[in-house]
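Since the structure comes first, as structure tokens, the remarks are kept for the end.
A short reminder: the numbers here are calculations on the coordinates, not readings from a lab. Since this is a predicted model, take the numbers as computed values, not measurements. Note that each Cβ is placed from the backbone with ideal geometry, even for glycine, and that neighbours are counted across all protein chains shown.
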Amino acid sequence: FIESVTSFACNLAKHRKSDTLEAKDLQLHLERNWNIRIPGFASEEIRSVRKTTIPNTHQEKISAIVNNKHMRKFD
């Protein structure tokens, strides 16, 4: 666990082009991947980036409804 969190946080710091590991690097990984919040640190900076995935079957149903509505306008 510690090795995983530390290496991921180090990669985040490198991505920020920083030589210093900061609490926000650890916090980001812990909150996103382990659902652990660090008390005393504001989490407003960390926003959810995960995109919601809509199943293909639902998308097909929605497009069928939209197409049906467009066809009715021309009748």
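Each residue of the range 21-37 is assigned a 3J(HN,Hα), and the resulting list reads 7, 10, 4, 5, 5, 5, 4, 4, 5, 5, 6, 6, 9, 10, 6, 10, 9 Hz, derived from the Karplus form 6.51 cos²θ - 1.76 cosθ + 1.60 (θ = phi - 60°), x at Gly and Pro. Packing around the peptides 23-35, 6-18, taken as the average count of other Cβ atoms within 10 Å per residue, puts them in this order, highest first: 23-35, 6-18.
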